[in-house]
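First up is the structure itself, then whatever we jot down about it.
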Amino acid sequence: MPSRTLRIFTVLSVLLLLGLASVQFYWFRQAYRMEDRDFDQRVTASLRVVCRRLIDFNNRPNNPPIRPVERVTSNYYTVQINDRIDPSALEVFLRQEFARQDLKANFEYAIYDCEQSEIRYGGFVCHTANCDSTLALKYTFPQVRRQNYYFGVFFPEKRQYLLNQLNLWAVSTGAVLLVIVFFSYALWVIFRQKKLSELQSDFVNNLTHEFKTPLSTILISTDVLARPDQPRERLASYATIIRKEALRLKQQVDTVLQTAQQSNGTTSLHPETVSIRDALNELLERSAERIRETGAAVSLDLSEEEVSLYVDRLHFSNILFNLLDNALKYSSGQPDIRISAMPEKDKLLIRFEDRGAGIPPEYLGRVFDRFFRVPTGPVHNVKGFGLGLYYVRTMTEAMNGTVRVENREGGGSRFQLQFPFNPKKV
């Protein structure tokens, strides 16, 4: 999918999801308000009936107010009686009338005594199985300025009660949220696959170039060798070129195959005791021609004591080679590389330090990712597959080691390998 089309698709998708979420929120809010109004109407109707029944219960002449019920707050109601209120009768009437209105919310009630000018606590009525009666103790009934008797009813869990009445809306809202989550995940997967596709395309382009160059050199050299009239020295020179390019091809093929084995989990390790001094000296011998070509200055800093590790010799050698090759590739001017290996308590630290351009801070955490190469614009002056450091990390971890990278003060980068002297099973 072209980048422009993907961006348009993403913007439209985000707008659609935001619109869907906004509409769902609006209708859920409207449904909650309707449920709240219905709750208020049923409570008010019930309390009016309770008021009349209390007056009849006292059996004394009484002129109740025209509007005895008042909603003080969203979950607190007061009812004027103008007569003494019997607490036991009040609770019975409240239970009965709320039951008629199918109100099953927990509530507490309190009675105001105008003779004592104080609120007398009545009781807490619970309808739910796991009722928290301590909620009743957290609410203080406010005193309303009146000169007569009245009682108050408080619903401490009204919000939760109303939300429980909106189960269908809650399910639909949850479904919308799931759609948003899965769609967001799908977008993330699309962008991730697009990035991976770009990396793989870059890898294929680099692979083609890296294979084409030595093959072209070999073809030209074979044309020269096919001429019998060429001087012996020239034939030997071109034979050396063919061998060099063939080894280069072999190394590139090995890199790709090793990475494929790691991805498939088919890499087999054969650990043995490896001398660090011998391994680093072999590294310099193996890279001697490359070091001469680049004019690099490579120094070794080893501890005086003989140090060995229990690792796979082949893969450990390749790890060291990749780190040195990386330092040679990315050093500007004449490379200046320092390799050190020092024991520290129960582990060995191996460092590769160069004085190159360093790595931008935002890419330090990604240099070990497969196919990743630090962006240098539209053209990569340094050729490669983006697999070398990925191989270093995966094989180091397979041998119970760790690798990290940091920029050095004054320029350049430092790669540090850390291996335990007494590793777990490799």
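Laboratory data are not the source of any read-out in this text; all were calculated from the coordinates shown. Quick caveat, the model's predicted, so the values are computed rather than measured. Note: ideal-geometry Cβ built from the backbone for every residue, glycine included; neighbour counts use all protein chains shown.
Listed values, structure above:
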{"read-out": "For segment 280-286, Karplus couplings with θ = phi - 60° (6.51, -1.76, 1.60), whole Hz, Gly/Pro x", "value": "6, 5, 5, 4, 5, 5, 5"}
{"read-out": "In order through segment 107-114: 3J(HN,Hα) via Karplus (6.51 cos²θ - 1.76 cosθ + 1.60), integer Hz, x for Gly, Pro", "value": "8, 10, 9, 8, 10, 9, 9, 6"}
{"read-out": "Computed E for Trp27/Asp102 - FRET, C-beta separation, R0 30 angstrom, nearest 0.05", "value": "0.80"}
{"read-out": "Under 5 Å, built H, 5+ apart or other chain: amide partners of Val311", "value": "Glu272, Val274"}
{"read-out": "Computed E for His127/Thr402 - FRET, C-beta separation, R0 60 angstrom, nearest 0.05", "value": "0.50"}
{"read-out": "Phi-based couplings in Hz for segment 42-50 (Karplus 6.51, -1.76, 1.60; Gly and Pro marked x)", "value": "5, 5, 4, 4, 5, 5, 5, 5, 4"}
{"read-out": "FRET efficiency for Asp86 and Asn63, using Cβ-Cβ distance with R0 set to 25 Å, rounded to 0.05", "value": "0.85"}
{"read-out": "Alpha carbon convex hull of segment 277-339, volume per residue in cubic angstrom", "value": "74"}
{"read-out": "Rg/Rh ratio calculated on Cα atoms of segment 271-420 (Kirkwood radius)", "value": "0.94"}
{"read-out": "Length added when fully stretched, Arg248-Ser308, from 0.36 nm per residue minus Cα-Cα", "value": "18.6 nm"}
